[in-house]
1. Hey, could you check segment 390-406 for residues that are open to solvent by 30 Å² or more (accessible area, probe 1.4 Å) and outside any strand (DSSP E or B) and say which is nearest to Lys428 (Cα to Cα)?
2. Report, by residue number, each residue of segment 257-277 that is more than 14 Å from Cys322 (Cβ to Cβ), among the polar types (S, T, N, Q) and surrounded by fewer than 19 Cβ atoms within 10 Å (Cβ to Cβ).
3. Any residue in segment 225-237 that is closer than 17 Å to Ala199 by Cα and free of Cβ contacts under 8 Å to residues at least 60 places away in the same chain sitting within a Cβ distance under 9 Å of a residue that is aromatic (Phe, Trp, Tyr) and surrounded by fewer than 19 Cβ atoms within 10 Å (Cβ to Cβ)? List the pairs, counting only those 6 or more apart or interchain.
4. Any residue in segment 227-235 that is at positive phi and touching a Pro at 6+ places or on another chain (Cβ under 8 Å)?
5. Which pairs have Cβ atoms under 8 Å, sit 6 or more apart or on different chains, and link a residue in segment 362-381 that is at positive phi to one that is charged (D, E, K, R)?
6. With respect to Ala172, determine if the residue is among the hydrophobic types (A, V, I, L, M, F, W, C), closer than 30 Å to His297 by Cα and open to solvent by 60 Å² or more (accessible area, probe 1.4 Å).
7. Being more than 19 Å from Leu263 (Cβ to Cβ), open to solvent by 10 Å² or more (accessible area, probe 1.4 Å) and at pLDDT 95 or above is the requirement here; does Thr346 meet it?
8. Looking at (1) within 27 Å of Cys260 (Cα to Cα); (2) assigned to a strand (DSSP E or B); (3) open to solvent by 30 Å² or more (accessible area, probe 1.4 Å), find the lone condition where Tyr181 falls short.
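The values are calculated or read from the model by the stated rules, or taken from the named source; none is laboratory data. Fair warning: this is a prediction, and the values are worked out from it, not measured in the lab. A quick note on method: Cβ atoms are made from the backbone with ideal geometry, for glycine too, and the neighbour counts reach across all protein chains shown. Protein only, heavy atoms only, side chains kept; ligands, DNA and RNA dropped before computing areas. Shrake-Rupley method; radii C 1.70, N 1.55, O 1.52, S 1.80 Å.
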Amino acid sequence: MACIASAFKALCLSLLFFAVASHPNVRPRYGARHSNVKPHVFKGASHPKFKPHVIRGRSHPNFRPHVIRGRSHPNFRPHVIRSHPRVKPHVIKGARHQKVRPHVFKGASHPKAKPHVIKGARHQKVRPHVFKGASHPNVKPHVFNVLHCGAKPDGKTDNAIAFKNIWKKACARKSGSSKIYVPKGTFYLGGIQFIGPCANQIEFVIDGTLLAPSNPRDIKNDTWINFRYINNLLISGCGTLDGQGKESWPLNDCHKNTKCPKLAMTMGFSFVNNSRITGIKSLNSKMGHFNFFSVHHFNITGVTITAPDDSPNTDGLKFGSCSNIHISNTHIGTGDDCIAILSGTTKMDICNVTCGPGHGISVGSLGKNKNEKDVNGLTVRDTVFNGTSDGIRIKTWEHSASKIVVSNFLYENIQMINVEKPINIDQKYCPHPPCKTKGESHVQIKDLKLKNIYGTSKKKVAVNLQCSKSFPCKNVQLIDINLVNKGTEAGPATAVCENVHGSSRGKMFPQHCLK
């Protein structure tokens, strides 16, 4: 019996031990290998480099101990010092959130300063905060109001001295850009020159009216308002340059009067680069309105030029030895060329211009003087000629003193409204006959394309291509020409060609005469 009792007791203990060990909530001792067991991690593992002690034996494949190490949470946003856009930031390891916007310390005033930055600021759209005092591009220029500097808007007092003193201060200012402001009012201004170079960019804002002397002899120079040797000049505003040219026009007879007075252009630019004019109006110039010599990278936008159609030599825009000129959204109506392009001018783009009255957009006259230079790279697009004597015009003297080349011209999308000579190449130019006729023009015209030229002509000859016998025009392309005769002479429009070689395609009215 004693043996049976001992055996029964051992059996009961074994069953009890097996039941307790297999319960799911029981945490087995060291070495337990139950697949669902989650390891217990000791509390207090707060240090980033703390490696938690894990109970050995947790072999389940999905077991992931809770670790603080590395700051790997995707929404972690480290505190960052911003830097200059070109500085590669120093990053705290692990700070990889895409929208981190680093904080910048105030005080770094130099635009090229390279502050020490905490790593991690990797977002592409980070905009660094610039320290106070930096030369930020949005810093406002210092304004010189002409009223505060002695100018009087009474239309009588000569403000030339006041304007000259203002210019000297603005031009010499080294701590930033300057703005000369002419408010509304009429400011009488004798002849004046604004000469550089200047320390910084200058903006000349004209909202009032600058009034020229009516007597041409009161202006001693060949230009009323002249800018020379300046870079980064900005002229803008809604104001007017009133040349008061009515008294001067009857005196403009130098072709027959050797004692004629010297008449001044309204505004001139010589050796002025990287500059622009926007929104100004020029009215009734004595001679030409705007004259440009040796000017490069210059934009003209939204300018209005006005003079009667019988005002002599009042060219709108005249260019010589210039390059990279862009003219757009401009209206010109004068008594001479709307735009005159002279010797040495290259890379010129004209678009969205209305011309009329006037003599069209003219290249030349060329070849009259020695040492003239080539003219090339002209584009005229989306332009309207209304009531002009000419539209597309190239003029060279028959008796040439220089051998030059006119090349790489494109005229495209041009409308003619009652134009006397819509397309006119004249290599026998003679404005005041009789002229010397000692041989043919030595100006070579080549690589000329005219595309989509349409509208009405006041004369039957709508296309006149009169080239030099010694230097015939080469590679002239006519594409989609549609010009209708609306003049007094009956019959359809015609074309005349002399010494010209080229090709045509598309619609062609009048019929071409190219060889």
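1. For segment 390-406, the residue satisfying everything is Glu398.
2. Asn257, Thr258
3. Hits for this filter: Arg228/Phe271; Tyr229/Phe271; Ile230/Phe271.
4. Within segment 227-235 (the criterion being at positive phi and touching a Pro at 6+ places or on another chain (Cβ under 8 Å)), the answer is yes, since at least one residue qualifies.
5. Listed pairs, sorted by first residue: Gly364/Arg393; Gly364/Lys395; Gly377/Lys347.
6. yes
7. yes
8. Among (1) within 27 Å of Cys260 (Cα to Cα); (2) assigned to a strand (DSSP E or B); (3) open to solvent by 30 Å² or more (accessible area, probe 1.4 Å), the lone unmet condition for Tyr181 is (1).
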